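The values are calculated or read from the model by the stated rules, or taken from the named source; none is laboratory data. This one's a predicted model, so the numbers in the text were calculated from it and none came from an experiment. Quick reminder, even Gly has a Cβ in these numbers, built from the backbone with ideal geometry, and neighbours come from all protein chains shown.
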Amino acid sequence: MNNYQYEEKESFDGRKVKVLGPTYEEGKPQGMQDWKVKLGGREEILGYLKTALRYWYSKDWFGSERRKQEA
């Protein structure tokens, strides 16, 4: 069972409400993590890159930063 800590704060209308406190573990990371190690093989890496870069390089999908009509 999780032992969450709650804090009592005041809401915008003046009522007292319970708010979830910090839920992370204290400390610093042991070292740098390499995202490529988490993926199984070449196919998974290529799939990840295609999905991640689709926002910028896709011709058939428009992100919020892309123009719908070419300049």
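Values for this structure:
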quantity: Flag if residue 49 is modelled with pLDDT of 80 or more, within 19 Å of the chain's Cα centre (by Cα) and more than 30 Å from residue 4 (Cβ to Cβ); calculated: yes
quantity: Of all residues in the stretch 5-42 being in contact with a Phe, Trp or Tyr (Cβ under 7 Å, 6 or more places away or on another chain) and β-branched (Val, Ile, Thr), the one that is modelled with the lowest pLDDT; calculated: 23
